[in-house]
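Engineer: Attaching a single structure in structure tokens format; questions to follow.
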Amino acid sequence: MNALTRLMSGAAIALVLGALPAYADKISASGKNPPLTTTEQTPPPSSTAGIDFGDDSGDWTNDGECDDPRFTGTGSAAELLEADIRKDATDCRTAFEAGTVTLKDTGDTPSTTDIDFGDDSGDWANDDECDDPRFRGTGSAEELVDADLLKDATDCKAAFEAGTVTLNSDYQPQAVTLVAFDYGADWSKWANDNECDDLRFEGTGVDKKLLIDDLNGDATDCRAAVEAGTATIRKVYSPEYAAGAPYDSSAIDFGDNTSDYADDQSCDDPRFEGPGAASVLLDSDLKRDSADCKAAYEAGTIMLIENAES
């Protein structure tokens, strides 16, 4: 570069620098802001306030794609699974702040503080599956029944927080016409001790040692326990169970009719339980009261004891 060029360049720079204060004053007087640089024109990152991104425990974390199905946009993975809810924090936060994903519009999606999960009084509580029929998803049990409504709190809350179940807020229990249950009376010597002593019931409110002598004899305690949710009627004693008869007996080997107590209108085979079973059951009568037991089974007054050989 020759001296003349250097001189002209220096003069031009000085001219521009000298004009900047005046230009700035002019812009300020006009009330307009000066043009932004390329960096300044980039939209500010979206606010992440209030969003629980979770952690990076998913199988597809830190791969440059958001795998959490709560988000949507060009920054999301093509395939999204419920199992990845709140498990791709870094990718999803980055994409959200970059504006390539947004939270899906889920309306009034409830949080755990909005849901009454109930208690753990169900038969299947704490088995790592949600048995409350209000919930659906991979964390739910295969078979859901109205009897477990609000009775599997720990499992369902854990599954909901993990994103493996969602709440169906429109769920309605099936209308069931209940048959009146006879609680009996209060003639047991253990009546009115705030514990149910009738072997027709089960649950945390039922005594652990139950005797046939107390059957139908602790009405007040058992009724109170059922109403409090600490006791339920054992299936075979429920009027609804008998109302579902006749039951198919073809898969059961009832044996023969060689018992000393055969044909006495009560089932003496110790594999069965229920109001149609004898009060005293002996191992020697196993598969030896065929006619009585088959009739009672089909009538819904007995059922096979769990794990009993059929």
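Engineer: What residues qualify as long-range amide H neighbours of residue 288, i.e. H under 5 Å apart, gap of 5 or more or another chain, H built at 1.01 Å from N?
Structural biologist: Sorted by chain and number, the residues that satisfy this are 256.
Engineer: On to the next question. Taking the Cα centre of segment 234-310 as origin, work out the dipole magnitude from +1 charges on Lys and Arg Cβ and -1 charges on Asp and Glu Cβ, in debye rounded to 20. Please report the intermediate quantities before stating the final value.
Structural biologist: Numbers: 6 positive and 17 negative charges, 59 e Å.
In debye, rounded to 20, segment 234-310 gives about 280.
Engineer: How about residue 189: which aspartates and glutamates have a C-alpha closer than 13 Å to its C-alpha, ignoring those fewer than 8 places off in the same chain?
Structural biologist: Qualifying aspartates and glutamates at Cα under 13 Å: 197, 198, 213, 214, 218, 221.
Engineer: Here is a further query. Using the per-residue mean of other Cβ atoms lying within 10 Å as a proxy for protection, in what order, highest first, do the peptides 145-153, 121-129 fall?
Structural biologist: Details: 145-153: 18.8, 121-129: 17.0.
Going by the mean number of other Cβ atoms within 10 Å, highest first, we get 145-153, 121-129.
Engineer: Still on this structure, I have one more. May I ask you to list the lysines whose Cα is less than 19 Å away from that of residue 104, ignoring any residue fewer than eight positions away on the same chain?
Structural biologist: Straight-line reach from residue 104, under 19 Å: 87.
Engineer: Okay, next question. If contacts are Cα pairs under 8 angstrom and at least 6 residues apart, what is the relative contact order of segment 112-167 in percent?
Structural biologist: Values: 109 pairs, mean separation 24.0, N = 56.
Averaging sequence separation for qualifying contacts and normalising by length gives 43 percent for segment 112-167.
Engineer: Hey, another quick one. Cα centroids of segment 119-174 and segment 185-208: how far apart, whole angstrom?
Structural biologist: Measuring centre to centre over Cα atoms gives 29 Å.
Engineer: Please report, for the Cα atoms of segment 184-233, the Rg to one decimal and the Dmax as a whole number; what are they, in angstrom?
Structural biologist: Looking at segment 184-233, its Cα Rg and Dmax stand at 8.9, 25 Å.
Engineer: Taking the highest mean first, how do the peptides 277-286, 157-166, 58-67 order by number of other beta carbon atoms within 10 angstrom per residue? Each step should come with its number before you reach the end.
Structural biologist: On the way: 277-286: 15.4, 157-166: 19.3, 58-67: 17.6.
Peptide ranking by packing, descending: 157-166, 58-67, 277-286.
Engineer: Against the 2.2 N^0.38 Å scaling, with N counting residues, where does segment 191-310 land? I'd like the Cα-based Rg ratio to two decimal places. Could you put the intermediate results ahead of the total?
Structural biologist: Values: Rg = 15.3 Å, N = 120, 2.2 N^0.38 = 13.6 Å.
Working it through for segment 191-310, the quotient is 1.13.
Engineer: About the Cα centre of segment 184-233, what is the dipole size in debye to 20, counting +1 per Lys and Arg Cβ and -1 per Asp and Glu Cβ, all else neutral? Kindly include the intermediate steps, with their values, before the conclusion.
Structural biologist: Working: 5 positive and 12 negative charges, 21 e Å.
With Lys and Arg at +1 and Asp and Glu at -1, about 100 debye.
Engineer: Which one of 262, 280, 293 has its Cα pushed farthest toward the positive end of the charge dipole of segment 237-310, where Lys and Arg give +1 and Asp and Glu give -1 at the Cβ?
Structural biologist: Result: 293, furthest along the dipole toward the positive end.
Engineer: Nearest 20 debye, what's the magnitude of the dipole of segment 151-263 about its Cα centre given +1 on Lys and Arg Cβ and -1 on Asp and Glu Cβ? Write out the running numbers ahead of the final one.
Structural biologist: On the way: 9 positive and 23 negative charges, 84 e Å.
Rounded to the nearest 20 debye, it is 400 debye.
No value in this document is a laboratory result; all are computed from the given coordinates. Since the structure is predicted, the reported quantities are computational estimates derived from the model, not experimental observations. So basically every Cβ, Gly included, is an ideal-geometry build from the backbone, and we count neighbours across all protein chains shown.
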